[in-house]
1. How far, in whole Å, is the closest Cβ of chain D from the axis that maps D onto A, and which residue does it belong to?
2. Every other copy gets compared here: list the nm distances from the B:GLN60 label point (7 Å along Cα to Cβ) to its counterparts, shortest first, one decimal.
3. Between C:ALA92, C:VAL145, C:HIS131, whose Cα lies farthest towards the positive end of the dipole of segment C:81-152 when Lys and Arg beta carbons carry +1 and Asp and Glu beta carbons carry -1, centred on the Cα centre?
4. How many Cβ atoms of partner chains, on average, are near each residue of B:70-82 if near means within 10 Å of its Cβ?
5. Taking a cut-off of 19 Å, what percent of all Cα-Cα pairs in segment B:22-152 are separated by more than that?
6. Within a 10 angstrom radius of each residue's Cβ in C:56-66, how many Cβ atoms of other chains show up on average? Whole number is fine.
7. Provide an ascending nm list, one decimal, of label-point separations from A:GLY117 to the equivalent residue in each further copy; define each label point as 7 Å from Cα along Cα→Cβ.
8. Of D:THR111, B:THR32, B:THR48, how do they rank once you tally other Cβ atoms within 10 Å and put the fewest first?
Number of protein chains: 4
Amino acid sequence: MTGMRIISLFSGMALTGILSIPALAADCDSLTGEWTNAINGSPTLIITEVEDISGHLRGQFTSPSGTAGEAFALTGWVVESEPDRADDVVPALTFSVRFTPYGSVSAWSGTCRILDGVPTIETIWHLTRSHGDYDWDHQLTGTDVFVPVVSD
Amino acid sequence: MTGMRIISLFSGMALTGILSIPALAADCDSLTGEWTNAINGSPTLIITEVEDISGHLRGQFTSPSGTAGEAFALTGWVVESEPDRADDVVPALTFSVRFTPYGSVSAWSGTCRILDGVPTIETIWHLTRSHGDYDWDHQLTGTDVFVPVVSD
Amino acid sequence: MTGMRIISLFSGMALTGILSIPALAADCDSLTGEWTNAINGSPTLIITEVEDISGHLRGQFTSPSGTAGEAFALTGWVVESEPDRADDVVPALTFSVRFTPYGSVSAWSGTCRILDGVPTIETIWHLTRSHGDYDWDHQLTGTDVFVPVVSD
Amino acid sequence: MTGMRIISLFSGMALTGILSIPALAADCDSLTGEWTNAINGSPTLIITEVEDISGHLRGQFTSPSGTAGEAFALTGWVVESEPDRADDVVPALTFSVRFTPYGSVSAWSGTCRILDGVPTIETIWHLTRSHGDYDWDHQLTGTDVFVPVVSD
């Protein structure tokens, strides 16, 4: 599906004589780009760099719910296995941010796979707050699903 | 703050004529240093750098169980809150590594607090494998507790 | 409350002469019924009973992936809060099963809310195996989303 | 270690002519009994019944931190594997409660193993609240470690 869409895009470019190369949407093989929540378009995950050898990720994360909408630097890793290693092989990734004004850090962990033709990053996160009412209520957990942002 | 304390310490040392520089043990206010499992001395977490303004962590992680004992680069964050923000205020941190030859990434999330007089990093981790038997068995979870390594 | 509603429904049916009894779809206010995975129709969660006062859940769980498709008894709890207690109030629930032939137990935890008009149980699970290669690889984690099965 | 202690106890009973049978402390092979937090003696987990065939657990849970100290009914499961199934075989268990007046449910998942001679239940829990400030802050996570209460 994704491949089909890209092919159509290039066909269109040829027909209309466009020379500039459009930004290709992020996908599971090339995480660089903009991702957003599958349901309501937030939060937004921007992966600006994936180091070739180390798999080190860099980028930015924004979430309008519970913050003022500012961007936070993210750091993390992606890893892949040989396709014949197991029955189900997909990129695995983790990334984390510091929500400085909110006194918390958050780490997302998950995989990227094609679901219904759409590259989809499915994650579980741990958000750890430096402030709590008790010694046992510092960590929240939840899920986020990200799909590529398709620019017009 | 940490820098100030180190300066004072060195001043004191100069005054008393001590020449050898002792290894300062890591603690919750100054995470830099070597940490290890509270029970059996592994895995080992070495935090080599904490950036002052960003709270960005860098270091190395080694775990003899399930690996060949090699060191893996880690990246992450630490954050603190004002002491009067809540009833229980402690540093919150997260860090992650890529276990490259094992096709997995892992993220630890938790807090640092003094327990029985010992600085203790209590974490929950998510280890995500790029290879699975099914689409639902890629993520393991567990806990790690780290205390400072006291050198002789 | 649920009992009252069923009585009213049957009264209405008697008045209009309808003879066949339609299956009532499960929803967030009345969890009893059949739920299944939002994406591919498995696994299946059947809640057969919700005790009024205690909120104790009973039912069955089946998952064709990684099992032979047999049903496993489930036990758990649901709880609600007063609607004015906080900005976001939804039923919270947890349920667990023993996958006897596979040597594991699993617990799901989450909430039920209407998403795009559909009652949706969003959960994170912990699957704990009694057998591992190491002392640290006994627990898997993941997510399941359930929506009501609509019978024809 | 546990076996040694029981033998000494029975020897002492014979010597002093005690006829009543003392409550044996809980252990990993026989979970029935009272367990408490390894560090500060709370919360307390009382397992009153383990059904032989199904592995169904029943009991009570109390936690003085964040509650009024009342007991809550618990339900769950324990499972074991054949000792030769894998390198590390230990009982796996899960149990859950409804904290009715607090509008939340909680599920613990983990294993029981002998650590330093003491039967130890190590768990990770998910506490899910029916009330939140946002749709993403309903779930807390953390850990609890339980050891048998030794009665005097």
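1. Axis-proximal residue of D, distance in whole Å: D:THR141, 2.
2. Label point to label point, same position, other copies: 3.4, 5.3, 5.6 nm.
3. My answer, from the dipole projection, is C:HIS131.
4. Mean partner-chain Cβ count within 10 Å for B:70-82: 5.
5. Summing the P(r) tail past 19 Å for segment B:22-152 gives 50 percent.
6. Details: counts 3, 4, 1, 0, 0, 0, 0, 2, 0, 5, 4.
For peptide C:56-66, the averaged partner shielding equals 2.
7. So the distances to the same position in the other copies read 2.2, 6.7, 6.7 nm.
8. Ranked by crowding around the Cβ, least crowded first: B:THR48, B:THR32, D:THR111.
A short reminder: the numbers here are calculations on the coordinates, not readings from a lab. All values reported here derive from a predicted model rather than from experimental measurement. Don't worry about glycine lacking a Cβ; one is built from the backbone with ideal geometry, like all the others, and counts go over all protein chains shown.
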